[in-house]
Amino acid sequence: MVNVFPNEEKRTLELSGHVGLRSLPDQLVKRAVKQGYSFNILCVGETGIGKSTLINTLFRIIFENEEASHYDEEVKVLPRTYDLQESNVNLKLTVVHTVGFGDQINHVKSSEPILEYIDAQFKRYLEEELKIKRSLWNYHDTRIHACLYFIAPNGHSLKALDLVTMKKLDSKVNIIPVIAKADTLTRNELVNLKIKVMSELVSNGVQIYQFPTEDEAVAEINSSMNTQLPFAVIGSTENVTVGNKTVKGRMYPWGSIQVENENHCDLVKLREMLLRVNMEDLREQTHTRHYELYRRCKLEEMGFKDPTLDNQSFSLQKTYEAKRKEFIKELQHKEESMRQMFVNKVKEAEVELKEKEKELQGRFELLKTMHQEEKKNLEEKKREMEEEMNAFNRRKVAAETLMGQALQGSSQQPFKKDKDKKK
């Protein structure tokens, strides 16, 4: 908008009495509490690394979840939404699990379903924003507010899959790396792994979520927690008895581990940073940073733009018409290209058919010539065989005649001898 009074000075006036402005924060709090909150967590990590157990431990409740196998052919994204209540605060929690992540031999497409899901939630929110009749006040926001990335406790460094996936995710979600099953490492191994992980993240340009330090009320604790990343966590929903107390932990032959003991793991620190101190900042960062980046890119693709430096107003109608003409022109260009492609394909098919026809005709003529020659040879052989048969028949008749004469002569000779004896 154009400033009608560009040189106007703003003045701050002090009220001489109470008019009720101080109650505005209370009104906002009451409205927010009545409306409820939504918080969405994305859990990325290999199968069996303890994602579901950690979520159950964080919220001190056992969520229903199907046990995953290691034989999935592709990564599946499964969101589960739960309604939680603490005192008078209602929270709609969505936990998104990445089933089958890291189980495939080829990891090239492992992150694609995760990125597609995140973009799909941004798209849903943008579509709701662009509606003529919007209802954002009661819209169930499914955008991912925090991504807990589970790092395997191998004691060496990050895997290539972890670096590639986090690099693709850092512009879309708030990444909080955690070292899972930290009880499998010694203290020295854990310290060295944390240093290696952070060094590799920095050297590869992966931007993880940093707890904000602008607010003086939480600046000190957030600054301290930023130096503790990645958090080393242990999840357990089992009760173990330590002394006279029953706590959540794990019992081993050599002793026990208390998951809520800060000397044993960083679960309490993660819970404090994720839920008690920085939940609203995670929601705000999602909206003002990651969603705004997605929204700006999509609106620029649609042809929207901000007013220029000379304060020229932006016309949605002109943008629509320009985009429509551009789309029609592009459609016509594609149609012409497809038509030309079809004509070229037809011509190529015709040339190929003519070549095939010519080849078949040549083969036909060759076969015809061979057939005629073979027929001529057969007729010649037939004629020779007929002549041989005729000659054979003549010889046969002559032989039969001579044989008959010989038999007749031999039969008359003994008869003459008998007559002579009688005389």
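The values are calculated or read from the model by the stated rules, or taken from the named source; none is laboratory data. Only a predicted model underlies this, so the values are computations on that prediction, with no experimental measurement involved. We place every Cβ from the backbone using ideal geometry, glycine too, and count neighbours over all the protein chains shown. Each accessible area value is taken on the protein alone, full model and side chains, heavy atoms only, with ligands, DNA and RNA left out. Shrake-Rupley method; radii C 1.70, N 1.55, O 1.52, S 1.80 Å.
Tabulated data for the structure shown
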item	result
Neighbours by Cβ (under 7 Å, 6+ apart or cross-chain): first from the range 210-233, under 18 Å from Ile175 (Cα atoms); second open to solvent by 30 Å² or more (accessible area, probe 1.4 Å) and among the small types (Gly, Ala, Ser)	Thr213/Ser223
Failed item, numbered, when Lys133 is tested on (1) touching a Cys at 6+ places or on another chain (Cβ under 9 Å); (2) open to solvent by 10 Å² or more (accessible area, probe 1.4 Å); (3) of a type outside the set (Asp, Glu); (4) farther than 22 Å from Asp281 by Cβ	(1)
Residue within the range 191-211 that is over 22 Å from the mean Cα position of the chain (by Cα), open to solvent by less than 70 Å² (accessible area, probe 1.4 Å), at pLDDT 90 or above and closer than 29 Å to Pro253 by Cα present	yes
Answer from Leu93, Leu58, Leu54 - the residue that is of a type in the set (A, V, I, L, M), closer than 20 Å to Thr237 by Cβ, touching a helix residue (DSSP H, G or I) at 6+ places or on another chain (Cβ under 6 Å) and open to solvent by less than 40 Å² (accessible area, probe 1.4 Å)	Leu58
Neighbours by Cβ (under 7 Å, 6+ apart or cross-chain): first from the range 384-408, at positive phi and surrounded by 10 or more Cβ atoms within 10 Å (Cβ to Cβ); second part of a helix (DSSP H, G or I) and not aromatic (Phe, Trp, Tyr)	none
Pairs, first among the aliphatic types (A, V, I, L, M) in the range 147-173, second surrounded by fewer than 16 Cβ atoms within 10 Å (Cβ to Cβ), C-beta under 8 Å, six or more apart	Ala152/Lys159; Leu158/Lys196; Leu158/Glu200; Leu163/Glu200; Leu163/Asn204; Leu169/Leu115
